[in-house]
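Worksheet: the structure to be examined is printed underneath.
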Amino acid sequence: MRDTPGTRYAVVSCHVERPLDDRVWPAFARFQEQRAGGFPVAALLRPPDSASGEDEQTWLERAREAAARGPLGHHTHWTSPSHARPDGDGALDAGARVLREGAWLRERGLAPTLFCGGGWYTDASVATACVTLGYVDCTPRAARPPYLDDQSRWAELAAPARLRLEGGVLLAVPTTRSVGDLVRAVARPWTLDEEVVHVYCHDTDLVDGRRRRLLVSALALLGRRRQRSDLDTVSSRLLPTAPERDWSEVARGGDAARPQ
């Protein structure tokens, strides 16, 4: 398929949350190399946690390998390597953490272009940090994750957009389909109605043989129905002319969930 005006794309990302696990990392590396369905896979990598004694040198070697195979992104776990969302939203200086991690990555020669907050957490400070770092944000979701309550912070967005903040304009490509969502949708292709189908998985999904096979099969079908692309390419093609919206329109939870 060739790109034409109005082309409807599909892209794939993986939340690489256990990059130092010698069982999980090879499974992710094979998946990224395989390009199931013809899709390059963006690696959204959690930086090493120094407090847990994670091996920075091995992490850097693996991050560079991933960057050579596809787009590279920054994925933040707010509490610990095994706990993605913050324990208490109110006391979290989330934007400062993103800036610190982003600086650490750049100091070591990595140049991530994408961001996704762990557990889909985001707020205005995180979004502003993404503007500062030049990231395209994939944290917004087309629908609320079922495990989040009304007060949990997240961002709702169904299509690529330019989000206005006090600190500038944030380019965002929302995440639209989990593995389960994709498997159900390819069985009913008329439900694949979003402008950009953005499928995500976790690296731990890839060590489950059944789940991996389902994902690979679903991506093969998706690749026949949409223009295969990657997050960097879609961002460069669509976002310069994407509609603008205020951050307040997409922010959910916290103050946004409270009656005014």
Of all residues in segment 22-59, count the ones that are of a type in the set (Asp, Glu) and in contact (Cβ under 8 Å) with a residue 24 or more places away in the chain. 4
Can you confirm whether residue 84 is among the aliphatic types (A, V, I, L, M) and either open to solvent by less than 20 Å² (accessible area, probe 1.4 Å) or closer than 30 Å to residue 221 by Cβ (or both)? yes
Considering 135, 121, which residue is modelled with pLDDT of 95 or more, surrounded by 15 or more Cβ atoms within 10 Å (Cβ to Cβ), out of contact with any Gly (no Cβ under 6 Å at 6 or more places or on another chain) and closer than 21 Å to residue 203 by Cα? 121
Please enumerate the residues belonging to segment 223-237 that are under 15 Å from residue 175 (Cβ atoms) and either in a helix (DSSP H, G or I) or open to solvent by 40 Å² or more (accessible area, probe 1.4 Å) (or both). 231, 234, 235
For segment 21-113, which helices (runs of 4 or more DSSP H) that fit wholly inside it have 3 or more residues that are under 27 Å from residue 207 (Cα atoms)? 24-34, 56-69
Read through the list (1) at pLDDT 95 or above; (2) not in a helix (DSSP H, G or I), then give the number of the only condition that residue 259 fails. (1)
For segment 185-201, give me each residue that is under 17 Å from the mean Cα position of the chain (by Cα) and among the hydrophobic types (A, V, I, L, M, F, W, C). 196, 197, 199, 201
Taking residue 216, is it open to solvent by less than 10 Å² (accessible area, probe 1.4 Å) and either among the β-branched types (Val, Ile, Thr) or in a helix (DSSP H, G or I) (or both)? no
Strands (runs of 3 or more DSSP E) fully within segment 143-212 counting 2 or more residues that are among the polar types (S, T, N, Q): none
The lone exception for residue 149 - which of (1) open to solvent by 40 Å² or more (accessible area, probe 1.4 Å); (2) closer than 26 Å to residue 54 by Cβ it fails: (2)
Can you name every residue in segment 60-70 that is closer than 20 Å to residue 84 by Cβ and either without any contact (Cβ under 8 Å) to a residue 40 or more places away in the chain or open to solvent by 10 Å² or more (accessible area, probe 1.4 Å) (or both)? 62
Being open to solvent by less than 20 Å² (accessible area, probe 1.4 Å) and among the β-branched types (Val, Ile, Thr) is the filter here, so list the residues in segment 71-81 that pass it. 76
Candidate set: segment 87-114, residues that are under 15 Å from residue 50 (Cβ atoms) and either touching a residue at least 12 places away in the same chain (Cβ under 8 Å) or of a type in the set (Gly, Ala, Ser) (or both); chosen: the one surrounded by the fewest Cβ atoms within 10 Å (Cβ to Cβ): 103
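The values are calculated or read from the model by the stated rules, or taken from the named source; none is laboratory data. Keep in mind the model is a prediction, meaning the values are calculated, not measured. Glycine also receives a Cβ, built like all others from the backbone with ideal geometry; neighbour counts cover every protein chain displayed. Just so you know, the surface numbers come from the protein's heavy atoms only, side chains and all, with ligands and any DNA or RNA stripped out. Shrake-Rupley method; radii C 1.70, N 1.55, O 1.52, S 1.80 Å.
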